[in-house]
Amino acid sequence: MSSSSLPTKPPPPPRPKTRGSYNCGRCGQPKKGHVCNLPSPSPAPAAADAPSPSSSAGESRLRRALSFDDAPSSPEKKPRPDDDDGRTMDLGGRPVPVDFFLEVLRRLGPRGVLDAAAVSRAWRDCADRVWRVAEELRLRPAGAGLLAALLPRCAALSRLVLHMESDVDATMLSCLAFSCSSLEILEITMSDKASNNMTGEELSRFVSEKHSLSILKIGGCSNLGFLNLSSSSLNVLWLSDLYSLSESVISCPNMSELSLCFTQQSTDCTDLVSLMDGLGRSCPNLRNLHISSIQLSNEAVSALEGANLRGLCMLSLILGSKMTDAAVASIVRSCASLALLDLSGSSISDSGVGMIGKAFPHTLSRLLVALCPNITTSGIQAATVQLPLLQLMDCGMSLRSNSQNEKQGAYFGEINGRIRLCPKLPTLKKQPMRQKLIIKHDNLKKLSLWGCSAIDALYVKCPELIDLNLNSCTNLHAERLLLQCPNLKNVHAFGCQDMLIGAIRNQVLNEFAAAEPHLPCKRLADGSKRVQLSQFPQEQLPEDKIWIGFKRSECIVHLDS
């Protein structure tokens, strides 16, 4: 058989083009050195508005490339087919937009989002989108494992609030420093079973590494040992449960608010004089200062005078039973325009209150002198006269009878009626058994007299008063109480006598106004007594006008603690 009769192998299929054509698309000649003279073909009128295949392919590739971006490249970007607006998920056999599921997940707590992510891949994708755009988280973690797994997903997190159910140590701080690059606000509180084991060195390192941190609030800081913080971004610092700091250096030039609460232990050896003296050099822009310590004394307040913090607006120095009127004199010399002054737990007298009234008559709006056993009703009445802008005043447990001063134990009370345990303070001056308190003020809105058992007569005429605390005013007589406060909203009367509670209700709730006959009266000819006229000569009024003058107020009398 000849070779010509053998079957020939079919030629291979042409290789698909991977590059553009080298011939002209109009005349078919090679493109090299070629200039085509043929006119370009005009597009069909029906397809004039249709996009070209090349342009549509380019747009589709662009959409695929941007489908994994966290945020659109520009605010004017047009919606894409694979955006959340067009995507759907099956819910009961029906397609539901993904936006609906995202909105549902945003309303859940962190635990709910984690549980939803375990349902399916679609739910996990929705949960990941929620984590990526989350700006604030409030967690109650039982360990650092949850934080290590969750925080890296939250790229936009700026505020983190933690109520720890387990101990806090350097591992958790390292996790926060590594995962939250743009963290601005951090709040850590401890449960009763948890403890804070972070040291001063670990806290100093964390603050120095977080350049965006502006607000830091940490509780349970009893194991710090020393405090050496340096940050140019930190604006607010709250540390509680401090104990025996060997060194206290806070170098934050932009800080405006500082709160340091020490444990109430007599073995605390923190040098508050050095701390106060260094605040003027390291925190020149400080405006709000709060220090709670039983080691506060006149020397520490005098060091604050040397710090030259003339910009202070709010000053709170509480539980310092060693502070007397000399401390008030230092405050008056060092502060020019205080809006809030809290000296609760000190040993100042009526003379110190008088100095406060004379020094800040045009700025002070909140004065708190609770647990000050040397203050009497004379000092309180003088303060209300000298401070016309006063809006809040707390005198709780300052006006106590001598029998209660001799008792041991803790006392309770607060400006809004809630419970607050306070240690018994030494009594330097015996209070009169019966005192009368008269308060007349045009701007006062909150008045607290909790535990003032030495008051047996009270007259309050404050048209703007909305909150009055009379908890445990055990010796206040019902017939010697007069409240002329038309805007009163809340009266706290826990621990008061039943007759006093009835008198309060009668005056603020007008419970007996509807039952009393409101008929005109006329005195008899001999002037012996007044009698009510009969009703028939009066002109009958419409029903909508009969009770208009006896509408009940909206005041609430609180009898619980």
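The values are calculated or read from the model by the stated rules, or taken from the named source; none is laboratory data. As the structure is a computational prediction, the values presented were derived from the model and not from experiment. Note that we place each Cβ from the backbone using ideal geometry, even for glycine, and neighbour counts take in every protein chain shown. What goes into the accessible areas is simple: the full protein's heavy atoms, side chains included, and nothing from ligands, DNA or RNA. Shrake-Rupley method; radii C 1.70, N 1.55, O 1.52, S 1.80 Å.
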Within region 298-372, helices (runs of 4 or more DSSP H) holding 2 or more residues that are more than 17 Å from Gln386 (Cβ to Cβ):
298-307, 325-334
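Quick grid of which residues meet (1) aromatic (Phe, Trp, Tyr); (2) at pLDDT 95 or above; (3) surrounded by fewer than 19 Cβ atoms within 10 Å (Cβ to Cβ):
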| position | (1), (2), (3) |
| --- | --- |
| Ser282 | no, no, yes |
| Asn285 | no, no, yes |
| His290 | no, yes, yes |
| Ser302 | no, no, no |
| Glu305 | no, no, no |
| Asn308 | no, no, yes |
| Leu312 | no, no, no |
Does region 319-326 contain any residue that is of a type in the set (Val, Ile, Thr) and open to solvent by 10 Å² or more (accessible area, probe 1.4 Å)?
yes
All-but-one check, Ser316 against (1) modelled with pLDDT of 95 or more; (2) under 29 Å from the mean Cα position of the chain (by Cα); (3) crowded, with 23+ Cβ neighbours inside 10 Å; (4) of a type outside the set (D, E, K, R), failing number (3)
Residue under question is Val353, and the condition is that it be in contact (Cβ under 8 Å) with a residue 24 or more places away in the chain, more than 27 Å from Ser240 (Cβ to Cβ), under 31 Å from the mean Cα position of the chain (by Cα) and surrounded by fewer than 19 Cβ atoms within 10 Å (Cβ to Cβ); does it hold?
no
Confirm whether Asp167 is over 21 Å from the mean Cα position of the chain (by Cα) and over 27 Å from Thr199 (Cβ atoms).
no
Which residues, taken from region 226-261, are under 21 Å from Gln295 (Cα atoms) and either among the polar types (S, T, N, Q) or exposed (fewer than 15 other Cβ atoms within 10 Å of the Cβ) (or both)?
Asn228, Ser240, Ser244, Ser246, Glu247, Ser248, Ser259
Flagged in region 112-144 as under 26 Å from Thr171 (Cβ atoms) and of a type in the set (Val, Ile, Thr), in numbering order, are Val113
Among (1) under 20 Å from the mean Cα position of the chain (by Cα); (2) part of a loop (DSSP other than H, G, I, E, B), which single condition is Leu289 missing?
(2)
Given Val491, Val508, which one is outside any loop (DSSP other than H, G, I, E, B), modelled with pLDDT under 90 and closer than 16 Å to Ile556 by Cα?
Val508
Pairs returned, first residue in region 470-482 that is closer than 12 Å to Gln507 by Cβ, second residue that is open to solvent by 70 Å² or more (accessible area, probe 1.4 Å), beta-carbon separation under 6 angstrom, 6 or more apart or interchain, are Ala478/Met499
Based on this model, can you work out whether Val96 counts as of a type outside the set (Gly, Ala, Ser), open to solvent by less than 50 Å² (accessible area, probe 1.4 Å), modelled with pLDDT under 75 and not in a loop (DSSP other than H, G, I, E, B)?
yes
